[in-house]
Number of protein chains: 2
Amino acid sequence: MQTSLKIAVVGSGLVGSLLAIYLKRAGHTVHVYDRSPDIRKIQFSGRSINLAMSDRGWRALDEVGLGDAIRPLAIPMDKRAIHVGQALNYQYYGKEGESIYSISRGLLNRKMVDLAEEEGVEFFFETRVWDVDMPNATLQTGETEKGAWSDLKYDKVFGADGAFSRVRHRMQRQSMFNYSQEFLNMGYKELNIPANADGTHKLDKNSFHIWPKQAFMLIAMPNTDGSFTCTLFMPFEGENSFDSLKDKDTLKDFFAEHFPSTLDVIPNLVEDFFKNPTSTLVTMKCYPWTFEDKVALIGDACHAIVPFYGHGMNAGFEDITILNQMIQQYGDDWTTIFKEYEKSRKPNADAIAELSYRNFMEMSSKTADDKFHLQKKIEKHFSEKYPDKWLPLYSRVTFSFRPYSEALALGDRQKAIMDEVMKMEDIEHIWDSEAVNQKILTLLQQ
Amino acid sequence: MQTSLKIAVVGSGLVGSLLAIYLKRAGHTVHVYDRSPDIRKIQFSGRSINLAMSDRGWRALDEVGLGDAIRPLAIPMDKRAIHVGQALNYQYYGKEGESIYSISRGLLNRKMVDLAEEEGVEFFFETRVWDVDMPNATLQTGETEKGAWSDLKYDKVFGADGAFSRVRHRMQRQSMFNYSQEFLNMGYKELNIPANADGTHKLDKNSFHIWPKQAFMLIAMPNTDGSFTCTLFMPFEGENSFDSLKDKDTLKDFFAEHFPSTLDVIPNLVEDFFKNPTSTLVTMKCYPWTFEDKVALIGDACHAIVPFYGHGMNAGFEDITILNQMIQQYGDDWTTIFKEYEKSRKPNADAIAELSYRNFMEMSSKTADDKFHLQKKIEKHFSEKYPDKWLPLYSRVTFSFRPYSEALALGDRQKAIMDEVMKMEDIEHIWDSEAVNQKILTLLQQ
């Protein structure tokens, strides 16, 4: 049993709320601070991409018995639905029964705050943390940055305050702090496919829908109310960019040309497009993540990634799983807990950042490519016959608990092998032949 | 002729002072702000590495007629002097007459401030710029960060305030600002080889001295007073680290074992080692470098690099050369001046960052390697015979005005060619043969 501590968590998002529950369960006093109003009392739509909860996320919830409270919010998606012109085809994500789960970020966050409060976590909303006195684990809060500040002393401080973390800003001012933030030349905008009048979904609800257009794409993920949250990813500038869609008619023509199958299902296109903000996409990396035994960063605050693998929340929740393992192992030795936590997580955070960055290409281009479909079929065919020899990259990332860094490394190896296989003569016709299996087996042994 | 403007330069270092002179010459009112005291009134030694001024640096000075005022401060170094045990050998940097120039950073900076004042630039020392209102080109200064600030309104603001630039901090808070800082696991410490009693140098004064030890190294560069400024580069932690040299005897034993030839020439080793700070080494990259037609970063403020190519100041001075070219070309159109300046310089800043990072390996390991010497001899031999076909990488970086990005790309190509050449049978004996020349010519055509 650990000594009971007074712990502050900065940030009441998904990771902050779940971390607070874990810490409360461990017997600590837990206060959560957020600069924003209570998410249960405000409208939250307009700039969010739906979440795709997968195995790592569910594990973190189930380990504190909360999975069943969340499952009613989630819709399983076992495949991609690829829209090309008016045509539609499906690509299954994994084996039978394997799905990722669409959840509205706002709904999930409200539920998480409810659950945390039920556990006895205290929330302080609309409270701005301007700075942290790290050696003393003390938050400095106040109305304005230049006004008077109050000191709030804790035993530990966790920064779960997202990609633009204030806690991390303090760490950044230390010497030897490595840091990078890199924005894509691409933004995103939320759109909406409403439910049918009878509350059913307008598109197959158990699919992750993609309209791949190479340099840009539209996606749609189902909600429990029958609607879909859509996200348009597109460059800010140039041909086919947010910049180029300045008026109603241009916008309508653009959708008619590039996404003809959406015309009937996105009735509020014009209104939503010009009302909703265009958001940026950033990859943020840093190190170290902790300060002595006093302060630790977690989730987006230490590893913000682009959304193309759907693993931002899953990676943040896995931080909690690993941190909890360290707490179990090292008891009151928080210096070691923090050191081992950051050492274990950093290479995996870097790996999922890289995988996420690369996955835009897969979603926006390769999903529309016949060769890519064939390659996926070959991988699946081989994997079913030799499950211990081949776990496809997507499955290793999404339907396993293997480290992201391992997935990245093995994924590169698999890619090199499949590049060879795809060069085999007449591969379109012999793809499920024994010759192909033997070729892969040989290449695996090299 | 440009419209006369009121311009603020933040930072009175080498780049800030020289930029101020350029801007004053162009007819503007120029105010330079620095948080530090006037460098002419304080002691400045203890944490600096001597500068190695090369062609790019001299060009920026000569273009405003200041080269001759600086030359008396500089000592030419036409070669590396490599110390291995008690042995010593020389490697010439370029062709006959080509040298880099050792200058004390402090002496040069004092002189530059003097020269700028003579031109009519006004300096405001011990004045802290806390923030910049970028759309209004207004500096916000005050005694303390949380106290009252005064607004100082200008037409343009230049941030020449170094790797930890306050002006850049403001830019960093904008969306879409790419930024990275990465520290080496290695630090450095200044040491000193005093002059002989008669004022002469204890080692060859026209050499850049290196004691290469693979994971660490000592260097020494001459001063005009007969002394050498030495710099010890070494990991912070582990075997042979700053961390491992905690007491006098360990330090002395370490130098006796690894740098035996320095024993007689560094009399104040113990005192200096424990008195002088251990400094860090950071590579900082960012983009964009400018804000509208109002604010521009220059020098280390937008591209801090590690010192192993001796190009930090040279690259910063070249920023001024290029900025000045844009000013000549675009007159009063500062939006275009700033855009073209950052577009032209960014790839070159990235290239010299990469070259500098790689050059630690060359200095600390390869300079002690026979194969490397042989390779340099072959390159030189070929380059003398075919000067239009082969300019060695070091010469392209240091004795030419070709873009750094070109040097990096061609350097990689040359390396691939030399890797092939070094595999030739009996290369040690045939290195100056026609067969080797022909091999290089053939490889160059591929």
>> Could you compute Rg(Cα) / (2.2 N^0.38 Å) for chain A, with N its residue count?
In response: 1.03
>> How many angstrom lie between the Cα centre of the stretch A:38-113 and the Cα centre of the stretch B:17-71?
In response: 58 Å
>> Working only with C-alpha atoms, what are the Rg and Dmax values of the stretch A:1-107, expressed in angstrom?
In response: 17.9, 62
> How large is the helix-only mean residue ellipticity at 222 nm for the protein assembly as shown, computed as the sum of -39500 (n - 2.57) over DSSP H runs with n ≥ 4, divided by its residue count, in deg cm²/dmol to the nearest 500?
Replying inline: -12000 deg cm²/dmol
>> Net charge within 9 Å of A:ASP78 by Cβ-Cβ distance, Lys/Arg positive one each and Asp/Glu negative one each, not counting A:ASP78 itself?
In response: -1
> Could you give the distance between the Cα centres of the stretch B:374-399 and the stretch B:144-190, to the whole Å?
Replying inline: 39 Å
> Any idea what diffusion coefficient the stretch B:182-280 gets from Stokes-Einstein, in µm²/s, Kirkwood Rh on alpha carbon pairs, 25 °C, 0.890 mPa s?
Replying inline: 177 µm²/s
> Summing Lys, Arg as +1 and Asp, Glu as -1, what charge do residues with Cβ under 15 Å from the Cβ of B:SER241 carry, B:SER241 excluded?
Replying inline: -3
> Among B:101-110, B:230-239, A:20-29, how do they line up from the highest to the lowest mean number of other beta-carbon atoms within 10 Å?
Replying inline: B:101-110, A:20-29, B:230-239
>> Checking a compactness column here: for the stretch B:369-445, what do you get for Rg(Cα) / (2.2 N^0.38 Å), N being the number of residues?
In response: 1.06
> Amide H to amide H, which residues 5 or more places from B:ILE305 or on other chains are under 5 Å from it, using H placed in the peptide plane?
Replying inline: B:MET284
> So in chain A, what percent of DSSP beta bridges are antiparallel if you round to the nearest 5?
Replying inline: 75 percent
>> For a quick check: with amide H placed at 1.01 Å from N, whose amide H comes under 5 Å from B:LEU281's, ignoring anything fewer than 5 positions away on the same chain?
In response: B:LEU184, B:MET186
> HN-Hα J couplings of the stretch B:34-42 from phi, Karplus 6.51/-1.76/1.60, θ = phi - 60°, integer Hz, Gly and Pro as x?
Replying inline: 8, 6, 8, x, 3, 5, 6, 10, 10
>> Bin width 5 Å, origin at 0, all Cα-Cα pairs of the stretch B:1-54: what percent of pairs per bin?
In response: 4, 17, 22, 20, 16, 11, 7, 3, 1
>> Limiting things to C-alpha atoms, what are the Rg and the maximum Cα-Cα separation (Dmax) for the stretch B:121-267, in angstroms?
In response: 22.4, 60
>> What's the whole-number percent of alpha carbon pairs in the protein assembly as shown lying beyond 36 angstrom?
In response: 59 percent
> Under a straight-distance cross-link criterion of Cα-Cα below 29 Å, which lysines are reachable from A:LYS24, leaving out those fewer than 8 residues away in the same chain?
Replying inline: A:LYS6, A:LYS41, A:LYS111, A:LYS153, A:LYS156, A:LYS285, A:LYS294, A:LYS339, A:LYS343, A:LYS346
>> Per-residue Cβ counts within 10 Å, from other chains only, averaged over B:337-349: what number is that?
In response: 0
>> If you restrict to DSSP beta bridges whose two residues both lie in the protein assembly as shown, what percentage is antiparallel, to the nearest 5?
In response: 75 percent
> Around A:LEU443, what is the net charge, scoring Lys/Arg as +1 and Asp/Glu as -1 over all other residues with Cβ under 13 Å from its Cβ?
Replying inline: +2
> Roughly what percent of Cα-Cα pairs across the stretch A:50-158 reach past 19 Å?
Replying inline: 64 percent
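No value in this document is a laboratory result; all are computed from the given coordinates. Here the structure is a predicted model, which means the values were calculated and not measured. Ideal geometry is used to build each Cβ from the backbone, glycine not excepted, and the neighbour counts take in all protein chains shown.
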